[in-house]
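Working notes, beginning with the structure itself.
The values are calculated or read from the model by the stated rules, or taken from the named source; none is laboratory data. Nothing here was measured: the structure is a model prediction, and the numbers come from that model. In this analysis, Cβ positions are derived from the backbone assuming ideal geometry, glycine residues included, and neighbour counts consider all displayed protein chains.
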Amino acid sequence: MLEKHRAKEKISDHFPLMDSETTNLKILMFPWLAHGHIFPYLELAKRILKRKNCHIHICSTSINFTSINNFIQHNSLENSIELVELHLPPYHELPPHYHTTKNLPSNLVSALLEAFQKSNSSFSEIITSLKPDLVIYDIFQPWAAKIASSKGVPAVHYAAFGAAIFSFIHHQYVCGPDDDFPSTAISLKNHERTDLDNFINFIYTNIFEEDKDVFFVNFKLSSDIVLLRTCRGFEGKYMDYLSGLLKKKQLVPIGPQVNHDHNRNDDEENSEIIQWLSKRTMPMKLDQPISARMLAEVGACMEVSTDENGVYKGEELAKAMKKVVIDKSGDELRLRAQELKEALDGAVEHLWQICMKNKRCKN
């Protein structure tokens, strides 16, 4: 009994708020308007709610609500996750059904980003109304952290990428190509160099004009920690490299966020997707080949072959997907990813401490 009592004392010393008070803790998540960003945030929300008792708000445009609600309902999180609508300013070329990257014509991507930057007043109103204990924000909205801070709310940056891509960008565009990079196995193909140059130039002009460190403005604004979608087993040397650059900012890996609710229906659905991919004759282009190659270096991913312009054909994607998702040869890869989910436990505790600290300050 004495040992149990002492254990309770230690827990209460660390988290002095009563259980009834912790249920009132509110976390506001604010991903970029792309499913490739929204769903990593939803997975993080799901993992937090499995470990902690709180309420999570997801901020996005209404066009994304259907898919987000499907995720919420599938995971029985209706009582724990609530949607909050972000209002974009009116643009004649961007009707509401284009307030997302899904099915967005490529020539309107810049318009969506521009409209998104001008939604800061809507986000400010949301912060004022909700009064969250913590904001978790994405890569294209450093202003979200500034707004939260101005209202006394801590903001943590969650970049749904690995450490290698940030390391490589910093090396190429800040340190210079002559500096030593942690890995000699990673290089850019010509078309990738062009794509990356265009992307960096675009965000210099449209998003991060106040800070020439580009992505690192989000790292600087983040409260205490930065969350990365990786783990030390995959990218330890890249995390160390980034930590050296950021100095006082702690990088916290959350693991690969693999969905472990696997069943036979998933197999059938995956088979249908693979069949669809294998029949496509129009080439498709993926948006993160550099990240894939960096993960392939540590045996965590496989790179799909492309032509000289970086274009992927359906049958090649289908072969790779079948190997990783269904074939027995992918068992080791899937097992390794499942084991690495433990990295998330530490990340949740970090977030919880920041949240609780802010709650105590308010009280």
Of the numbered conditions (1) over 17 Å from W32 (Cβ atoms); (2) modelled with pLDDT of 95 or more, V135 fails exactly one; give the number of that condition.
(1)
Return the pair list, or none, for Cβ contacts closer than 7 Å from residues in segment 222-246 that are touching a residue at least 60 places away in the same chain (Cβ under 8 Å) and in the same structural domain as C355 (by TED's automatic domain parsing) to residues that are part of a helix (DSSP H, G or I) and polar (S, T, N, Q), at least 6 apart or on different chains.
Y238/S167; Y241/S167; L242/S167
Per the list (1) modelled with pLDDT under 95; (2) surrounded by fewer than 17 Cβ atoms within 10 Å (Cβ to Cβ), residue check on N70 breaks on (1)
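Of everything in segment 212-227, what is out of contact with any Phe, Trp or Tyr (no Cβ under 7 Å at 6 or more places or on another chain) and at pLDDT 85 or above? Give them in sequence order. Break it down stepwise before answering.
As a first pass, look at segment 212-227 and keep what is out of contact with any Phe, Trp or Tyr (no Cβ under 7 Å at 6 or more places or on another chain): 212-213, 216, 218-225.
Of everything in segment 212-227, those that are out of contact with any Phe, Trp or Tyr (no Cβ under 7 Å at 6 or more places or on another chain) and at pLDDT 85 or above turn out to be N218, F219, K220, L221, S222, S223, D224, I225.
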